[in-house]
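Asks: I have a structure I would like to understand better, so I am pasting it below and will then ask my questions one at a time.
The values are calculated or read from the model by the stated rules, or taken from the named source; none is laboratory data. Model, not experiment: these values are computed from the prediction. Heads up, the Cβs are rebuilt from the backbone with ideal geometry, glycines too, and the neighbour counts pull from every protein chain shown. These accessible areas exclude ligands, DNA and RNA; they are computed on the full protein's heavy atoms, side chains included. Shrake-Rupley method; radii C 1.70, N 1.55, O 1.52, S 1.80 Å.
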Amino acid sequence: MTEILPILYVPDPRLRTKAKPVAAGDSRIAELSERMLATMYKAPGIGLAAPQVGELLRLVVVDIRPDEKPDPMVLLNPEITAESQELATREEGCLSLPNQYADVTRPARVKVRWQDLTGARKEIEAEGLLAACLQHEIDHLDGVLFVDHVSALKRNMLLRKLAKELKAKEREAM
Ligand code: K1U
Ligand code: ZN
């Protein structure tokens with residue numbers, strides 16, 4: 001069975017570090033992306049970026065319908081090449097800030113370019129949940145979290161609530 005990787009929680013400094021490009025065709029990247037997909041489906045989540053499992057690499061996995069037939073995307077070195085002026089607001093969560101949610105406003109549509117595991121260049125124009133998820137995951141590669149897109153007041157509230165809940169969980173496990 002594919003190994004599930006531990007997910008880092010805020011305030012782990014690796015979540016605030018810019019990740020490095022990856023080389024397509026590297027079998028270690030293919031193995032890591034398999035483990036990241038298994039970790040994402042188990043969580044469950046709709047996306048996962050390599051820094052969330054402690055690997056400071058520009059690698060992202062996404063499947064926005066985890067309850068349906070698996071339709072995984074593996075994106076190496078993803079980049080946003082265009083974004084709409086129109087904005088969209090939706091509630092986001094993050095596997096690195098468990099149980100914390102906030103409304104986040106981002107461009108409604110984005111063009112994203114990446115390489116697949118073989119090195120082939122891909123591009124899509126995304127909207128809706130896929131657009132939000134891709135922006136959220138690409139942010140992770142630059143050390144940016146969804147709470148950076150909300151007011152300082154809301155951010156501090158979420159971060160304090162998270163710290164309290166993680167401390168309580170730690171005490172329960174003792
Ligand atoms: O990067 C992550 O932490 C994963 C995160 C991605 C995300 C969620 C919402 C909007 C944009 C990006 C998650 O997957 S949180 C869990 C989640 O949203 C979900 C889990 C199961 C079913 C449906 C959604
Ligand atoms: Zn996240």
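Asks: Working out 0.36 nm times the residue gap between GLU165 and LEU56, then minus their Cα-Cα distance, what length gain in nm do you get to one decimal? Intermediate values should be presented prior to the final figure.
Replies: Numbers: separation 109, 0.36 × 109 = 39.24 nm, distance 2.63 nm.
Residue separation times 0.36 nm, minus the Cα-Cα distance, leaves 36.6 nm.
Asks: A further question follows. For the chain, what is the mean residue ellipticity at 222 nm derived from helices alone (per DSSP H run of n ≥ 4: -39500 (n - 2.57); sum divided by total residues; nearest 500 deg cm²/dmol)? Write out the running numbers ahead of the final one.
Replies: Details: 3 runs with 52 residues, N = 174.
Only helices count here, giving -10000 deg cm²/dmol.
Asks: Then there's this: Over the Cα atoms of the chain, what radius of gyration and what Dmax do you get, in Å?
Replies: Both quantities, over Cα of the chain: 15.9, 50 Å.
Asks: At 7 Å along the Cα-to-beta-carbon direction for both SER84 and ARG65, put a label point, then send me their distance in nm to one decimal.
Replies: It is 2.0 nm.
Asks: Expressed as a whole number of Å, what is the distance separating the alpha-carbon centroids of the stretch 37-57 and the stretch 73-146?
Replies: 14 Å
Asks: Which lysines have a Cα lying under 25 Å from the Cα of LYS122, excluding residues fewer than 8 positions away in the same chain?
Replies: Here the lysines satisfying the reach criterion relative to LYS122 are LYS18, LYS20, LYS69, LYS111.
Asks: Further question: Taking a 1.4 Å probe, which of ARG171, ARG35 shows the most accessible area, and what order do the others take after it? Can you show the working numbers first?
Replies: On the way: ARG171 150, ARG35 80 Å².
Output order, biggest surface exposure first: ARG171, ARG35.
Asks: Long-range amide H contacts for VAL22: which residues qualify at under 5 Å (H placed 1.01 Å from N, peptide plane, sequence gap of 5 or more or a different chain)?
Replies: ARG58, ASN77
Asks: Straight-line reach only, C-alpha to C-alpha below 18 angstrom: list the lysines that LYS154 could link to, leaving out same-chain residues fewer than 8 apart.
Replies: LYS164
Asks: Another question about this same structure. Using Cα pairs under 8 angstrom and six or more residues apart, how large is the relative contact order of the chain, in percent? If you can, show how the numbers build up before the last one.
Replies: Numbers: 317 pairs, mean separation 39.4, N = 174.
Reported as a whole number, the value is 23 percent.
Asks: Read phi for every residue in the stretch 32-37 and hand back ³J(HN,Hα) as whole Hz from Karplus 6.51 cos²θ - 1.76 cosθ + 1.60, θ = phi - 60°, with x for Gly and Pro.
Replies: Listing the rounded values in order: 4, 5, 4, 5, 5, 5 Hz.
Asks: What are the principal axis extents of the Cα atoms in the stretch 53-151, in Å, biggest first?
Replies: So the three principal-axis extents are 40, 32, 30 Å.
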